[in-house]
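Report on the following structure.
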Amino acid sequence: MKSMKSVTNALKAYGTILAGLVIILVFSILRPAAFFTVPNLINVTRQISLLVVIAIGATLVMSVEEFDLSVGALASLGGVTAAKLAVAGVPLVLCFLLPILLCFCIGFLNGWIVTKFRVLSFITTLAMSTILSGVVFWLSGGATIFENIPDGFTWLGSKRILGIPLLSLIMLVLILIFWFVMRHTVFGRKLYAIGGNVKSSEISGINVKVNKNLAFAICGALSALTGVMLASRLGSAHPTGGDGYFMNSYAAVFLGRTVSREGVPNIWGTFVGAAILGILANGLTIMQVPSYLQDILTGVIIIGAVIVQRVTAGKKE
């Protein structure tokens, strides 16, 4: 009985990681020459870098038991704004920084509405997503922005350092920063406390409103950074460019919750979840599997991750 219990606990703790290793093994056997290579590994890190960045923001919001459904629209706004500024001749540093600052403020506004008026976060951010989608279409004229974009605009998305894409390095730096913030700072502990029990947090003296507002604001900034990175990588910006990251970002967070023994959103878990999704997409693309099937598998993974997380939480209770 004890051995069975230990095996069950091990599967709960490491089942998601084991599933990721199985996926790698399967693709390595089926397409060894194309999949299990150093260049493809580096390519996967570049591909998941955008997803990881936006998912880190979603992780912060989910740590306080809220949702931000506007992350995709914020990413689109960040990319389009950066491209428009570049076309207008604004210095590239400001092209990259101003959209991040703008979306930080929008994210803070999301949090303020949620905490001030006690509106459900998914309703607030869904409405904000609709508003931002309209703004983005107005800014872009509903068309992809690519004409007259300076060559330097693609530096962020194309630069390599010692053969490693700068996007991958940015992802790694942000993982380390926010892992430290969430695990070893007062701010991170406050977010987890709020997510665990809001009333107890208020009684203990935590300013719930301010910390929730900051979580939404940082999520907005990281969403914009994702859009900027995407636009720089492509050398263009599409009004719906960030929409595809919304669902996958939350899939990564839910997968990450299954990695944690406590079942809470966590930065390294989110990275593992994003890596699994990225490896799966990369392997299926190499095998020339249609994109619609990839979407189906992603949806199945989300449902499975939620079920596993709920079942595990239920047994602990």
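Points to keep in mind about this one:
- Across all directions, the average projected area of the convex hull around the alpha carbons of region 57-97 is 3.1 nm².
- Under the criterion of Cα pairs below 8 Å and six or more residues apart, the relative contact order for the chain equals 32 percent.
- Sorting 220-233, 156-169 by average packing, meaning the other beta carbons within 10 Å per residue, from highest down gives 220-233, 156-169.
- Calculated SAXS-style log₁₀ I(q)/I(0) at q = 0.22 Å⁻¹ - region 92-143, Debye, Cα scatterers: -0.88
- Unit Cα scatterers, Debye sum, region 195-317: log10 I(q)/I(0) for q = 0.23 Å⁻¹: -1.36
- Most tightly packed first, judged by the mean number of other beta-carbon atoms within 10 Å of their residues, the peptides 201-213, 93-105 read 93-105, 201-213.
- Where a label projected 7 Å from the Cα of Leu162 along Cα→Cβ would reach, residues of region 41-67 with amide N under 18 Å: 41-43, 45-46
- Computed in the context of the full set of protein chains, the accessible area of the chain at 1.4 Å probe radius has 71% of its extent on carbon or sulfur.
- The distance between label points at Leu18 and Glu147 comes to 5.8 nm (points 7 Å beyond Cα on the Cα→Cβ vector).
- Positive minus negative residues near Leu167 (Lys, Arg vs Asp, Glu; Cβ under 9 Å): +3
- Listed candidates [x] 60, 55, 28; [y] 45, 45, 41; [z] 69, 57, 35 - label of the one calculated as Cα extents along the principal axes in Å: [z]
- Accessible area per residue was computed with a 1.4 Å probe on protein heavy atoms; Arg189 scores about 130 Å².
- Packing around the peptides 129-141, 66-78, taken as the average count of other Cβ atoms within 10 Å per residue, puts them in this order, highest first: 66-78, 129-141.
- Accessible solvent surface per residue of the chain, calculated while the other protein chains remain in place, 1.4 angstrom probe, Å²: 49
- Here the 3J(HN,Hα) profile of region 260-269, calculated from phi with Karplus coefficients 6.51, -1.76 and 1.60 at θ = phi - 60°, is 7, 5, 7, x, 9, x, 8, 5, 5, x Hz, Gly and Pro shown as x.
- Applying Stokes-Einstein at 37 °C and 0.692 mPa s to the Kirkwood radius of region 132-234, computed over alpha-carbon pairs, gives a translational diffusion coefficient of 197 µm² s⁻¹.
- The count of lysine pairs in the chain whose Cα atoms are under 13 Å apart, excluding pairs fewer than 8 places apart on the same chain, comes to 9.
- Positive dipole terminus of region 176-241, leading residue within Ser236, His184, Leu214 (C-beta point charges): His184
- Between region 216-263 and region 122-196, the alpha-carbon center distance in angstrom: 6
- Each Lys and Arg contributes +1 and each Asp and Glu -1, all at the Cβ; summed about the Cα centre of region 117-230, the dipole is approximately 560 debye.
The values are calculated or read from the model by the stated rules, or taken from the named source; none is laboratory data. Computed from a predicted structure; not experimentally measured. Reconstructed Cβ throughout: ideal geometry from the backbone, glycine too, with neighbour counts over all protein chains shown. For the accessible areas, the whole protein counts, side chains as well, though only heavy atoms, and no ligand, DNA or RNA atoms are used. Shrake-Rupley method; radii C 1.70, N 1.55, O 1.52, S 1.80 Å.
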